[in-house]
Amino acid sequence: MIRARITGTGSYVPEKVLTNFDLEKIIDTSDEWIRTRTGIRERHVAADHENTSDLATNAAKRALEMAGVNADEIDQIIVGTITGDYPWPATACVVQANLGAVNASAFDVSAACSGFLFALSCAVDRIEAGHSKKALVIGAEILTRIMNWEDRNTCMLFGDAAGAVVIEAREGENGILSTHLYTDGTQLELLYQPGFGTKLLPSAELLESKAHTLHMQGNEVFKVAVRSMAEVAKIALKENSMSVEDIDLFIPHQANIRILHATAKRIGLKDDQVFINVDRYGNTSGATIPLAMDEANRAGLIKEGDILLLDAFGGGFTWAAALLRW
Ligand code: UT7
C-alpha cells in the first residue's frame with residue numbers, strides 16, 4: 001500500500017520576542033494572569049519586512065534539507081494560513097516562486113487553527129490516489145498583524161511562526177494512517193475576522209472599529225475546543241483500532257495550556273504523552289502543529305515506528321485529527 005510518509009520537518013520563528021512583561025506595558029494585564037490562564041510566557045513577532053511567505057519559505061527550506069529533497073522534486077505545495085501575504089493569490093504561490101519549486105502546484109487552505117491538518121489531509125489524499133509523489137505542507141501565520149492591541153482578551157494569546165513537513169509516497173506500514181476533518185459553520189462569529197472580505201469592504205469607520213482584527217469570545221470557544229478535540233481524537237483511535245496507550249506522542253494545537261490539559265484528560269492521556277510548547281510561542285494558529293512536530297523531531301523525541309496523534313481546533317469552527325506511524 002502507498003502511504004504518505006513524513007521525511008522532513010522544519011520550522012521558523014521570527015527573532016523578536018514579546019514577553020508577558022512587555023505586554024504589561026501595553027495593556028491592563030499581568031504576567032501572572034497570562035501564565036496561569038493560558039500557560040503562555042512569550043510569543044514571537046515578525047519584523048516589519050517579513051511576510052507570511054518568508055516564514056513559510058524558511059520553514060520549508062529546513063524541511064527540504066532534512067528530507068534531502070530538492071525543491072524541483074516537489075509536485076504540490078499547500079499552505080494552511082489565515083494571514084496570507086495577499087487576499088489572493090495564495091501564499092503557497094509566493095512560496096513556490098521563492099523555492100523555485102517549478103514542478104509544484106500550489107494553493108492555500110483557509111481553516112484557521114486547523115489549517116495545517118486540513119492541508120495535510122489534501123496532500124495525503126493526492127499521494128494515496130497516485131497523483132503526487134513529494135509534497136510540502138506548511139502552516140504559516142503572522143497573527144500579530146491582525147491583533148487589536150487594545151483588546152487584552154485576545155492580543156496576549158497569539159504569535160507568529162511557520163512549520164513545514166515534506167511528505168513522500170512510500171510503500172509500507174509507516175506514514176499517515178488516517179485524517180479526520182470536521183466543520184460547524186453555524187457559530188463562526190465566536191472566532192473570526194469580520195473585515196475586510198467582500199462582506200465588509202475597507203472604510204475609515206470600519207478601520208476605526210477594528211473590524212480587520214481577530215474577534216473572539218474566548219470562554220465559549222474554550223468549551224467547544226475541548227469537546228471537539230477530544231471527540232475527533234477518539235474517532236481517529238477507533239478507526240485505527242488503537243487505544244490511548246498506543247499513542248507515543250500527542251501533538252495538539254497549542255492554544256492554551258488549560259485547553260491542552262482538559263483535552264488530554266478527556267482522551268485519557270498521561271502528561272508524558274503530550275507535547276507542549278505554547279509557553280514559548282503562544283497560539284500560532286495553523287503553524288502550531290508543524291512547529292511542535294519539528295521541535296519534537298529535532299529534540300529526538302520521535303523514533304521510527306512511533307504512533308503520533310495530531311489534533312486541532314479553530315475558527316469556522318473547524319477541527320481535525322491525523323494519526324500516523326513515524
Ligand atoms: O485556537 C483556537 C482559538 N482560541 C482559543 O482556543 C482560545 C480559547 N479561550 C481561551 O484561551 C480563554 O478563554 C482566554 C484565555 C481567552 C480567557 O480565559 P478565561 O479563563 O476564559 O477568562 P474569561 O474570558 O472568563 O475572563 C475572565 C476575566 C474577565 O474579567 P471580568 O470581565 O470577569 O472582569 C476578563 O476581562 O479575565 C479578564 N481578562 C484579563 N485580565 C487580565 C481577560 N484577558 C485578560 C488579560 N489580563 N490579558
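The values are calculated or read from the model by the stated rules, or taken from the named source; none is laboratory data. Keep in mind that this is a model prediction, so the values were computed, not measured. Reconstructed Cβ throughout: ideal geometry from the backbone, glycine too, with neighbour counts over all protein chains shown. For the accessible areas, the whole protein counts, side chains as well, though only heavy atoms, and no ligand, DNA or RNA atoms are used. Shrake-Rupley method; radii C 1.70, N 1.55, O 1.52, S 1.80 Å.
Where the centroid of each part is defined by its Cα atoms, how far is the range 244-294 from the range 14-57 in Å? Between the Cα centre of the range 244-294 and that of the range 14-57, the gap is 19 Å.
Based on alpha-carbon positions alone, could you give the equivalent ellipsoid semi-axes of the chain from the gyration tensor, as √(5λ), descending, whole Å? Numbers along the way, then the final one.
Numbers: eigenvalues 169, 110, 65 Å².
Values for the chain, descending: 29, 24, 18 Å.
Ranking 210, 133 by solvent-accessible area of protein heavy atoms (1.4 Å probe, all protein chains present), from largest to smallest, gives 133, 210.
With each label modelled as a point 7 angstrom along the Cα→C-beta vector, the residue 219-residue 150 pair spans 2.4 nm.
Straightening the chain between residue 204 and residue 235 buys 6.5 nm, computed as 0.36 nm per residue apart minus the Cα-Cα spacing.
If we count every other residue with Cβ under 13 angstrom of residue 163's Cβ, Lys/Arg +1 and Asp/Glu -1, where does the sum land?
Values: positive: 61, 62, 298; negative: 141, 160, 294, 295.
Charge balance near residue 163 sits at -1.
Rolled with a 1.4 Å probe across the full set of protein chains, the surface gives residue 50 an accessible area near 20 Å².
Based on C-alpha pairs under 8 angstrom that are at least 6 apart in sequence, the chain has a relative contact order of 26 percent. Largest GNM mean-square fluctuation among 135, 92, 101, using the chain with Cα springs under 10 Å: 101. Distance between the 7 Å Cα→Cβ label points at residue 28 and residue 246: 5.1 nm.
Springs join every pair of Cα atoms under 10 Å in this Gaussian network model of the chain, and among 286, 185, 175 the largest mean-square fluctuation is at 185. I want to verify a result. In a Gaussian network model of the chain, Cα cutoff 10 Å, which of these has the top mean-square fluctuation: 281, 86, 12? Among 281, 86, 12, the largest mean-square fluctuation in the Gaussian network model of the chain belongs to 86.
Per residue, the accessible area of the chain comes to 43 Å², computed with a 1.4 Å probe over protein heavy atoms only. Restricting attention to the chain, close to 70% of DSSP beta bridges with both partner residues there are antiparallel. Surface composition of the chain: carbon plus sulfur atoms hold 49% of the accessible area, using a 1.4 angstrom probe and ignoring ligands, DNA and RNA. A simple spin-label model places pseudo-atoms 7 Å from Cα toward Cβ; at residue 97 and residue 36 they are separated by 5.0 nm.
Report, in listed order, any pair from 270/303; 25/210; 199/234; 133/234; 234/270; 16/303 with a Cα-Cα distance greater than 26 Å.
On the way: 270/303 19 Å; 25/210 21 Å; 199/234 37 Å; 133/234 30 Å; 234/270 15 Å; 16/303 32 Å.
Beyond 26 Å: 199/234; 133/234; 16/303.
Taking all protein chains as shown and a probe of 1.4 angstrom, residue 37 keeps an accessible surface of around 110 Å². With the whole protein complex present, residue 319 retains an accessible surface near 40 Å², based on a 1.4 Å probe.
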